[in-house]
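Chemist: Following this message is one structure expressed as structure tokens.
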Amino acid sequence: MRRQLWVWGLIASSWELLGLLACGASAGDAGMAPSANASGAADGGYPYPGAGGAGGSAYADAASEPALPPEQELESSYESPVATGRFVWITNPTSGRVAYVDAASLEVRTVPAGNGPTYMAAIPSQDNDMAVVINTLSDDATILRASADGTIGTKTLKIAGGANSWAVSHAGRWAIAWTDARLETNPSQVQGFQDVTVVDLTSGQEAASRLSVGYRPVALSFSSDDTKAYAVTQDGVSVMALDAPGGPQATRIVPMSDDPLEDPDTRDVSLTPDGSYALVRRDGQSVITVVSLSSGDLTKVNLSGPCTDLDLSADGTRALAVIRDNSDVAILPVPEIATAPDSYEVVHVDNATVGSIAIAEAAPVALAYTNAIDQNLITAIGFESEPVQVTTLKLHGAVESVFPSYTGASAIVVHKPIAGVPGAFSALSLAPLLPARIQSTQAPITAVALTPSGDRAIVAERDDATRVYGAYLVRSTTQQVDRYDLASPPIAVGAVVGAKRAYVAQKHPEGRLTFIDLDTGLARTLTGFELGARVIDGSNP
């Protein structure tokens with residue numbers, strides 16, 4: 001399951017991982033203009049031979065081959081940078097301060113937060129730029145609101161100890177601080193991480209309520225009307241009523257299986273946006289379980305083979321289940337599938353193996369692929385057209401991970417490593433449909449971000465051993481790719497669309513951000529957030 005926001009990137013939410021930003025030392029900032037061979041192999045860059053393994057009919061009889069490894073959902077390691085309409089927010093756990101950068105003016109200010117501000121989330125708001133941060137050393141959270149003049153108001157509330165993650169409601173009324181056990185190192189079995197804190201973000205009425213949910217939550221979400229929250233746990237889905245009299249309350253837990261001894265680690269649970277249903281995929285099984293979160297009723301949907309990936313459309317009306325052994329994609333209508341488990345359509349992908357799927361947020365477009373084998377193909381599926389549109393595209397490298405844009409008009413495909421080539425990615429234009437444009441990189445790819453329209457993307461590369469660091473600006477409509485040299489390691493990328501700028505956060509003891517104009521390509525670097533930021537213009541260093 002992948003629920004992706006409209007900007008992807010490798011998240012780092014501490015000063016050491018996101019805050020101790022770096023781009024290039026001042027001597028290296030002169031290299032911030034696009035490099036001469038930015039367009040890659042065609043212009044004398046690194047060659048990129050075709051990936052090993054064949055595509056097409058070589059894998060048409062995949063079911064008769066030896067068992068394949070599981071699909072890897074590598075996109076989950078690429079999360080949203082902390083950015084709002086105008087600002088990029090950066091935490092410094094050492095000083096206890098948060099730096100916020102106006103992406104339009106590049107003005108930098110700092111504000112005290114708490115003791116060890118580390119894990120931050122952006123808050124959707126129609127009135128203010130807002131963010132919340134977990135202060136790990138004081139077990140509290142600070143709400144930050146930017147006013148029209150750029151000053152920041154703060155409010156700090158106590159939360160349950162050990163929180164390392166945020167979930168934020170659609171309208172920005174609620175945020176939940178919780179602990180993802182997967183981010184903890186060797187936790188004890190008796191550490192259930194069951195305490196969560198629901199934070200009411202209403203201006204002037206901020207409040208925090210501590211609740212207990214099931215054992216070791218792995219995901220939290222909200223109903224579309226922001227009245228309920230759901231925690232996917234090993235015990236099932238915990239339901240929280242946010243508008244209960246007296247404040248938020250945990251009301252019940254809904255089991256995901258009729259087998260109380262089932263291994264929860266094999267489950268992949270997707271929740272519909274309205275909170276009505278959960279769809280459960282299990283590794284190696286051919287059954288999808290549809291669970292009513294109101295009644296607890298379980299409906300089993302039998303597929304033609306083991307389901308290797310399951311994803312929901314953004315509106316929750318379609319679930320796409322991938323059956324890799326048959327190269328089939330089952331399209332399940334929701335909620336109809338809960339009462340008619342045989343009423344689904346199966347789409348077969350000819351001459352390609354598909355085991356994973358990524359769905360665009362705002363369009364009925366999915367990209368199906370596999371990273372279990374080396375295959376130079378990707379398949380676009382228009383799943384609401386009649387008949388369903390299936391188009392398989394040739395790539396020039398095996399697929400590692402896929403990032404569709406919000407509109408589904410474009411995508412970035414990160415390729416698997418190839419001997420002698422540090423890395424490579426492809427820019428896909430799906431509307432209009434153009435040949436994939438491959439770009440070799442000078443170091444392994446570490447972060448990807450796309451603008452909502454998909455007309456721009458930013459890709460970062462990093463190799464600490466060779467001290468090669470860079471970023472690539474992709475113009476999807478023309479498939480132009482420009483490379484920017486960085487003199488220190490990039491650790492997060494993102495886009496602030498209102499300011500028409502992409503940014504690259506980098507590791508640096510004083511803090512550093514590089515902004516790239518999405519229209520002109522001009523790069524500017526900010527250094528030393530708490531020492532009085534200096535701006536370096538890439539065209540005139």
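Quick note: the coordinates plus some simple rules give every number you see, no bench work behind them. Quick caveat, the model's predicted, so the values are computed rather than measured. FYI the Cβ positions are ideal-geometry reconstructions off the backbone, even for glycines, and counts take in every protein chain you see.
Chemist: Under 25 Å Cα to Cα from LYS155, which lysines show up? Leave out anything in the same chain fewer than 8 places away.
Modeler: LYS228
Chemist: Another one. Return the long-range amide H neighbours of GLY96 (sequence gap of 5 or more, or a different chain), with a cut-off of under 5 Å between placed amide H atoms.
Modeler: The list, which skips near neighbours in sequence, is GLY116.
Chemist: If you don't mind, another one. For region 305-319, just list the computed ³J(HN,Hα) in residue order, Karplus coefficients 6.51, -1.76 and 1.60, θ = phi - 60°, integers in Hz, with x standing in for Gly and Pro.
Modeler: Rounded to whole hertz, the list is x, x, 8, 9, 7, 9, 9, 10, 5, 4, 8, x, 8, 9, 10.
Chemist: Using alpha carbons only, how many angstrom separate the centre of region 293-348 from the centre of region 107-123?
Modeler: Each part reduced to its Cα centre gives a spacing of 41 Å.
Chemist: If you average the alpha carbon positions of region 159-178 and of region 411-425, how far apart do those two centres end up, in angstrom?
Modeler: What the calculation gives is 35 Å, centre to centre.
Chemist: Using 0.36 nm per residue of separation minus the Cα-Cα distance, give me the extension gain between ALA171 and SER188 in nm, one decimal.
Modeler: 2.5 nm
Chemist: Give the calculated FRET efficiency between THR94 and ASN302 to the nearest 0.05, with a Förster radius of 35 Å applied to their Cβ-Cβ distance.
Modeler: Calculated transfer efficiency: 0.05.
Chemist: Determine which residues of region 287-305 fall in the zone a paramagnetic label at ILE253 would reach in this model, i.e. backbone nitrogen under 16 Å from the point 7 Å along Cα→Cβ.
Modeler: Answer for region 287-305: 296.
Chemist: Kindly rank 164-176, 192-204 from highest to lowest mean number of other beta carbons found within 10 Å of each residue.
Modeler: The densest-packed peptide leads the list: 164-176, 192-204.
Chemist: Just need the relative contact order of region 15-537 here, percent rounded to a whole number, with Cα pairs under 8 Å and 6+ apart.
Modeler: Dividing the mean separation by the residue count of region 15-537 yields 15 percent.
Chemist: I would also like to ask the following. What FRET efficiency comes out for ASP464 versus GLU107 if R0 is 41 angstrom and r is the Cβ-Cβ distance? Round to the nearest 0.05.
Modeler: FRET efficiency, ASP464 to GLU107: 0.85.
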